[in-house]
Every structure is written in structure tokens, then in C-alpha cells.
Amino acid sequence: MTSDRERDDRRADFGYERVPWDEKKARVRGVFDSVASRYDLMNDVMSGGLHRLWKRFTIAKTGLRPGQQALDVAAGSGDLAIGLARRVGHGGRVVCTDINAAMLEEGRTRLLNAGLAGNIDYVLADAEALPFAAASFHCVTIGFGLRNVTDKERALASLYGVLKPGGRLLVLEFSHAELGPLAPLYELYSLQVLPRLGEWLAGDAASYRYLAESIRRHPDQETLKGMMERAGFERCEYFNLTAGVVALHVGYRL
């Protein structure tokens, strides 16, 4: 059993920096407060627009039908939520959550501008302790958010708990790429070019340096699959996208 002192002494990865466990959430909030207004622009620049294809693939794997209930955790500016809302239709329901109020408001504005309003709710919530009744949703998605969570095991348990039996979790996240001779170029782009783009386009090099470093601290594909299985998910699998630069993990609550 972990003592109170041992819990207090724990450290968490914040990019390459090790910070007190209880400090990471505030640090992550600060990053996304800083980048919220330029988040969509930076996604397009960072990925060359590929993030749209990755998210489209994710939506295609949800299995959602009209009238069902979906939850988008770490919803950000709402890319996945838009796809979920179109899948469930007017008779269904989508809930968007984020730990960051600025990002949640960006998503709300974007979905309203897309003509999606009546069946979408917005909740400021921590992925580690989702404030929903057990077995509430047919599908849960989390896109590019899990690597920012302090306690990933606790978050996966929370995600499992809100799924209905037969429901599925989809985790879309940067992962460990197999790029062969192109690997050094990817490293150069991530750790050198990306922060400079962040400075140029968003006036914030430090936040984009953290984002690049956080990718390297995130569990690889097999490790994350094992974590999902230990949280209770079954039939877990993953799909490497763009040579594993990104992976989509899928698991079911049976």
C-alpha cells in the first residue's frame, strides 16, 4: 500500500521535466490556456493537415448509430465531437469534456458555428474522475489527450466505468513511429522546428516544446494496449497511422 508521504513524493513527467505529481495538471492547463486560440491552426501546420485524416479514421471506427450516446474526453476544439454528433444524429447525445475551460469554449464555439447545438453538452471535467453515472455511453473517445493526463491508469479506469456493456473506447494519440532512415528528420522537426513554429504562429515556443517532449514520454503502442487490458478493456487492438507517428487504440467493455 502506498503511504501518504510516498504519494506526496511522487513525480510526474511534464515533457522532459519531472515535476511534483500534484503540479502537473496546473502546468498542462497553462499550456492549453496559452495555445487555445491558435490550436486549430497549429494542428494543421504541425501535421500538414494529416490530423484530419487520423480523426476521420477514428470516427469511422466508433461503430456509433443514430440515437446513441457518445462522450469525447479532452475534446479540445471539437474535431472528434463534430464527427460523433453527425453519427448519433439529432436523436442521440454527445458530451464534450475538457479539463481546460478555454479549450472547452473553443470547441463549443466551433460546434455552434457548424450548426451543431441541441444534442451536445459541455462539461469541465478531469479524465481521471469523470462525473457521469456508470454505463452511460455507447462510445468514448479521447484524441491527443491521454498523454497529458497525470495518472493514466486512473483515467483509463474512469473511461471504462462510464462505458455501457458492449461499448468501446478509442484513444487517438501520438505514438512511437517506425520511420527507419527518416527518424532523425522527425526528431529534428519535433524538437527543433516545432517550437519555432509555435513561437512564430502562436507566440509560444515553450508550450510546443512541451507537446513535442510529451510525445516521447507517452507509452508506446504495446504498453498502452497492456494498460487498457489491465483497466478491464477486452479485444484491445491498435492501428498505426502514418508509420506509427499516431496510433488509434480500441478496446471494449464486454
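Mind putting a number on the dipole of the chain about its Cα centre? Charges go on the C-beta only, +1 for Lys and Arg and -1 for Asp and Glu, and I need it in Debye to the nearest 20.
740
Quick one: what are the phi-derived ³J(HN,Hα) couplings along the stretch 49-57, Karplus 6.51/-1.76/1.60 with θ = phi - 60°, whole Hz, x for glycine and proline?
So the Karplus estimates, Gly and Pro as x, are x, 5, 4, 5, 5, 4, 6, 5, 4 Hz.
Where in the stretch 219-251 is the amide nitrogen less than 17 Å from a point lying 7 Å along the Cα-to-Cβ axis of Val123?
From the stretch 219-251, the list is empty.
Taking 30 Å as R0, compute the FRET efficiency from the Cβ-Cβ separation of Trp200 and Ala101 and round it to 0.05.
0.70
Could you report the chain's accessible area per residue, 1.4 Å probe, as an integer in Å²?
In whole numbers, the chain has 46 Å² accessible per residue.
Expressed in nm to one decimal, what extension gain is obtained for the pair Arg65 and Leu185 from 0.36 nm per residue of sequence separation less their Cα-Cα distance?
Full extension from Arg65 to Leu185 adds 39.1 nm.
Considering the options Ala247, Gly91, Gly145, tell which one lies farthest towards the positive end of the dipole of the chain, charges being +1 on Lys and Arg and -1 on Asp and Glu at the Cβ, about the Cα centre.
The residue sitting farthest along the positive end of the dipole is Gly91.
Just to confirm my numbers, what's the Cα centroid distance between the stretch 192-238 and the stretch 6-78 in Å?
Measuring centre to centre over Cα atoms gives 9 Å.
Output the relative contact order of the chain, whole-number percent, from Cα pairs under 8 angstrom with separation of 6+ residues.
Computed over the chain, the figure is 19 percent.
Using the crude model of +1 on Lys and Arg Cβ and -1 on Asp and Glu Cβ, and no other charge, please compute the dipole size for the stretch 215-254 relative to its Cα centre, in debye to 20.
I would put it at about 140 debye.
For a quick check: with amide H placed at 1.01 Å from N, whose amide H comes under 5 Å from Ser175's, ignoring anything fewer than 5 positions away on the same chain?
Placed amide hydrogens put Val246, Ala247 under 5 Å from Ser175.
Projected onto the charge dipole of the stretch 1-156 (+1 at Lys/Arg Cβ, -1 at Asp/Glu Cβ, origin at the Cα centre), which of Ala127, Gly49, Ser77 gives the Cα projection farthest towards the positive end?
The listed residue farthest towards the positive side: Gly49.
Could you check what % of the DSSP bridge pairs in the chain are antiparallel, to the nearest 5?
Expressed as a percentage, antiparallel bridges in the chain total about 45.
The values are calculated or read from the model by the stated rules, or taken from the named source; none is laboratory data. For clarity, every value in this text was computed on a predicted model and none was experimentally measured. We place every Cβ from the backbone using ideal geometry, glycine too, and count neighbours over all the protein chains shown. Ligands, DNA and RNA are stripped out before the accessible areas are found, and what is left, the full protein with its side chains, is counted by its heavy atoms. Shrake-Rupley method; radii C 1.70, N 1.55, O 1.52, S 1.80 Å.
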